[in-house]
Amino acid sequence: MSINQCGLDKQALMWFRQDLRLTDNQAFTAACDWVRQHHATKLKAIYIATPSQWRRHDIAPIQLDFIQRHVNLLAQGLASLGVEFELIQLDSFKDIPAFLTGYCEEHSIGRVFAGREPEINEQKRDQACIEAGIPLVLSDEHCLLPPGTVLNLSGDMYRVFTPFSRKWREVAAKQPIVPLGVPAPLGPILSEPKPLFFKNIGFADSPANKGIAPSETGLNQTISTPLISSEQWAAGEGQAKRLLNQFIQQKVQDYKQDRDFPAIDGTSVISPYLAIGVLSPRQCVAALLQRFPEVMVDDTSPGRTWLNELIWREFYRHLLVAFPDLSKGHNFNRQADHVPWRNNRDEFLAWCEGKTGYPIVDAAMRQLNQTGWMHNRLRMVVASFLTKHLLIDWRWGERYFRQHLIDGDLAANNGGWQWSAGCGCDAQPYFRIFNPMSQSEKFDPDGRFIRKYLPELASWGVKRLHQPNQQKMPSLFEAPLFASQADYPYAIVEHNAARARALTVLGVLKKA
């Protein structure tokens with residue numbers, strides 16, 4: 001007999017997941033409305049920590065630190081609304097249905113509200129809960145337009161971004177895009193919550209003490225993931241909204257020109273907040289429309305370029321739902337299953353550590369390793385270098401990113417890596433290979449970004465900064481593989497030779 005059939009409907013439960021906010025939270029608003037409409041005694045709220053699941057999903061320590069900080073802020077915000085909050089410590093998703101069944105029976109829960117998530121394991125978790133009789137009500141809010149609502153004339157998911165974006169704008173323009181406010185309090189203010197900490201993930205009594213145990217990467221190659229505190233990122237909904245509004249008012253106008261230059265503060269840097277749901281996509285689009293009301297219909301609007309970035313995020317999430325195998329690490333273009341990746345462990349480690357001998361690649365990787373974030377243009381440069389210059393499976397790079405990024409997000413990470421490798425949906429063609437030297441010259445012309453993360457090159461002239469250290473180009477089989485001069489390694493591979501090799505090896509994708 002299900003919980004609903006028992007008629008236990010005195011309380012409601014809000015299950016927070018990737019929606020750590022009170023503003024514009026459809027599930028939370030629906031839960032509050034249900035409590036009022038059914039004259040329920042109260043609304044309870046929970047967040048479920050699943051450390052084993054997090055390890056299997058390669059969630060970065062810095063992102064878990066960021067989540068933990070926001071869980072604490074969420075508890076405080078809920079207390080001000082008279083809503084009790086609990087941090088539940090389980091091990092993995094498989095433990096959740098049994099836990100919720102018992103919890104709902106113990107607390108007479110008549111409805112459980114939550115935001116839907118697009119990843120396959122998360123969808124299976126929710127289906128298991130429903131099959132267990134848990135009265136789970138899901139809302140679609142991880143996208144502005146829910147997956148399945150932007151389809152081609154045949155009723156199928158688009159496989160190319162441009163027509164998807166056109167249809168997305170057409171559908172979005174027909175509906176009001178107004179974020180929900182914070183619901184009114186459901187009771188008196190509760191006492192200040194005690195600090196909450198995730199258990200069994202490597203943290204010791206505070207958000208930023210120790211890292212998670214190293215994860216395996218590639219062919220049994222262990223890569224250590226050091227803990228970087230997320231304190232450099234201001235926490236809270238208010239701070240996230242401030243960053244969003246500051247970007248809209250001051251930077252969107254020049255975003256198209258500035259976004260590709262890593263030394264310029266020209267991007268929104270709100271991706272960490274979007275990834276864990278401190279900001280919603282509706283809040284982002286609404287803020288953009290307020291500043292540029294024509295952005296949906298006018299291709300020349302100054303806000304169009306950033307709107308397209310938000311639509312790319314939606315595109316990849318819609319794809320994850322339409323093609324569940326993407327969550328399993330499968331190539332979107334199955335012809336890529338035949339690519340004979342080289343997967344050289346030493347070269348992969350050099351890439352991870354920022355020791356390839358290509359300054360722009362190494363500076364980008366060191367930015368990631370030191371800060372937990374990387375500029376978007378550089379994500380494309382390093383992904384192209386790994387998959388095409390070194391012919392290392394894109395899944396190795398995707399996993400390394402996931403283990404280190406504060407804005408880690410399966411849909412965007414998977415989509416971006418497959419795009420770079422040439423095997424994804426609407427991917428960069430396999431024969432388009434980023435030249436790291438011309439990318440460096442074009443997007444870091446004075447070498448300011450490179451010098452910031454490669455201080456050992458501070459004395460190098462600008463021209464030399466954009467070139468790999470080729471005074472002695474060693475054989476890939478020569479030992480030591482990465483000899484260095486002036487504390488900087490020689491180039492791991494010569495560009496023209498690597499390009500020719502990639503065109504030959506990746507030629508199997510021609511048949512796609």
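What the table shows:
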read-out	value
Residue match in segment 197-205 (condition: crowded, with 16+ Cβ neighbours inside 10 Å, at pLDDT 95 or above and within 19 Å of the chain's Cα centre (by Cα))	no
Matching residues, segment 8-22, being assigned to a loop (DSSP other than H, G, I, E, B) and either open to solvent by 20 Å² or more (accessible area, probe 1.4 Å) or without any contact (Cβ under 8 Å) to a residue 60 or more places away in the chain (or both)	LEU8, ASP9, LYS10, GLN18
Complete set of residues in segment 427-458 that are open to solvent by 70 Å² or more (accessible area, probe 1.4 Å) and within 27 Å of GLY415 (Cβ to Cβ)	PHE431, ARG432, LYS442
Every residue from segment 359-398 that is open to solvent by 40 Å² or more (accessible area, probe 1.4 Å) and over 21 Å from ASP260 (Cα atoms)	ARG395
Residue within segment 342-358 that is part of a helix (DSSP H, G or I), of a type in the set (A, V, I, L, M, F, W, C) and open to solvent by 10 Å² or more (accessible area, probe 1.4 Å) present	yes
Residue ranges of strands (runs of 3 or more DSSP E) in segment 80-157 with at least 2 members open to solvent by 20 Å² or more (accessible area, probe 1.4 Å) and acidic (Asp, Glu)	84-89
Checklist (1) among the charged types (D, E, K, R); (2) under 29 Å from ASN72 (Cβ atoms); (3) open to solvent by 50 Å² or more (accessible area, probe 1.4 Å) applied to ASP337, failing item	(2)
Every pair of residues 6+ apart whose Cβ atoms lie under 6 Å, when the first sits in segment 36-56 and is assigned to a helix (DSSP H, G or I) while the second is of a type in the set (S, T, N, Q) and open to solvent by 90 Å² or more (accessible area, probe 1.4 Å)	PRO51/ASN200
Selection within segment 287-308 - of a type in the set (D, E, K, R) and farther than 16 Å from LYS251 by Cα	GLU294, ASP298, ASP299
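For every residue, the table says whether it meets (1) surrounded by 21 or more Cβ atoms within 10 Å (Cβ to Cβ); (2) not basic (Lys, Arg).
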| site | (1), (2) |
| --- | --- |
| THR29 | no, yes |
| VAL35 | yes, yes |
| LYS42 | no, no |
| TYR47 | yes, yes |
| THR50 | yes, yes |
| ARG55 | no, no |
| PRO61 | yes, yes |
| PHE66 | yes, yes |
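The values are calculated or read from the model by the stated rules, or taken from the named source; none is laboratory data. This one's a predicted model, so the numbers in the text were calculated from it and none came from an experiment. Positions of Cβ are generated from backbone atoms using ideal geometry, with glycine treated the same way; all protein chains shown enter the neighbour counts. The accessibility values were calculated without ligands, DNA or RNA, using every heavy atom of the protein model including side chains. Shrake-Rupley method; radii C 1.70, N 1.55, O 1.52, S 1.80 Å.
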